[in-house]
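All remarks here apply to the structure that follows.
Read-outs: derived from the displayed coordinates by stated rules, not from any lab. Just so you know, these numbers come straight off a predicted model, no measurement behind them. Cβ: placed from backbone, ideal geometry, glycine included. Neighbour counts: every protein chain shown.
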Amino acid sequence: MATTASARTLDEAKLDRINWRESAPFILLHFLPFLAIWTGVTWFDVWLCVGLYAVRMFFITAVYHRYFAHRTYSMNRVMQFLMAFGGSCAVQKGALWWAAHHRHHHKHSDTPHDVHSPLKGLYWCHLGWILCDKHKETQTELIRDFAKFPELRWLDRHYWFAPALLGLGCYLAGGWSCFLIGFCLSTVILWHGTFCVNSAAHLMGRRRYATTDTSRNSLLVALITGGEGWHNNHHHCPNSIRQGFYWYEIDCTYYALRAMSWVGLIRNLRMPAEKQLLANRIEDGHVDLGMFYAQHNMNRFSYEDFKQMASNYFEAQQKALGSFVESTLNEVKNIELLQKSSAAPAPQSTWAETAAEYRDKIQRFTFSMKGQSQRFREHVSEAAQHVRTWTADHSPANAEQMAHALEETREAIRGAADKLNQTLEQAIHELHLALARLEGMAPANA
Ligand SMILES: [Zn+2]
Ligand SMILES: [Zn+2]
């Protein structure tokens, strides 16, 4: 068993290593722009560099990402081919290869299976994963819906065709300097701009949604990548054509796609539902599982952190519960006061209706809180299991001590959860008493 595991690890380590021979063109292209020292640079070269960066970034985000990987809109077959051709000018292989790997990323984000897991470090998620042999092939099984088109398979096999044409075009348009700056430099910057989505967008910025990965929202990355920086939004709602959810979340790719839809080039733009925008928000007390897992997977983990996080969680829940009870009781009290002081009080049936509404609201709240608490405990147990296995594999000497610490933590969490449940039951009782008063309230002048 141990031998198989280590043999597998060895094989994987080999696949993870840089393949220098096959990566040579990629590395070489980084140095070619320096030759411009001898050719000189014209303004035309510089503007072409900027233009080709922006246009090709659009093809990557709008087409490879939002169309081929996520199908957030539709278009006809000719348009689909032209757009895929435009995408392959970005020198990031064919649409099928790109989109299949990206689908894999969403399926396994931030787990050890993730193609460019940020947990393997900045170098790996930014660059390392494309320099090794492991991810060379197109994972056709993940992109069957598009792999059925022979013209896309052709582009995937001959992914060098469009870049070669573009490079030649640049040379013909402005000579060697134009090739070096307009094509080579622009391509290198474009690569690193795109890679930022896999690296920076998982490492810097804010998290709005409690996704199970480490994706973040970053204006800086959004500006570099034409809107892909709203990556936490995107992991929360990958089927949405727009990644900036609010007017201040600048998403140029979306604006351009919207404009294309006005002239009929694309259709069926998929927007996030209002309900989705509000779901699973960290500010509403949803457990930030992504960061929680990340800590464990990186084994940057201490039991003190674990306990602290659990107690923070339950404290936040208690607070949410407290404010819900307080505001509901206040609302009920206001209704009572209004009824007593009113010259023409509402009939009893109105109060029965209002009370029923409140009962419904309380039930929903209780249900969601109990569900969250349950989910949290499940995740904690899962994480504990992970830590236990990891310790047994990597540091057997500490296994017993770790097991003991884990048990202690689990006990603390159990205690906090019980306390929360008790408070919840008490609060529900109090609320129901208030509602009973409301229901029984007869008109004051009766
Ligand atoms: Zn991601
Ligand atoms: Zn995506």
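For the peptides 39-50, 193-204, the ranking by packing is 193-204, 39-50, with the highest mean count of neighbouring Cβ atoms within 10 Å listed first.
Extending 7 Å from the Cα toward the beta-carbon at both Trp262 and Arg153 defines two label points whose distance is 4.0 nm. The charge dipole of the range 12-278, taken about the Cα centre with unit charges on the Cβ atoms of Lys, Arg (+1) and Asp, Glu (-1), comes to about 520 debye, rounded to the nearest 20.
For Gln139 and Ser368, compute 0.36 nm times the residue count separating them, minus their Cα-Cα distance, and round to one decimal in nm.
Details: separation 229, 0.36 × 229 = 82.44 nm, distance 3.89 nm.
Stretched fully, the Gln139-Ser368 segment lengthens by 78.6 nm.
Ranked by the mean number of other Cβ atoms within 10 Å of their residues, highest first, the peptides 232-244, 166-178, 206-218 come out as 232-244, 206-218, 166-178. Estimated at 0.36 nm per residue, the fully extended path between Leu278 and Ala164 surpasses their Cα-Cα distance by 36.4 nm.
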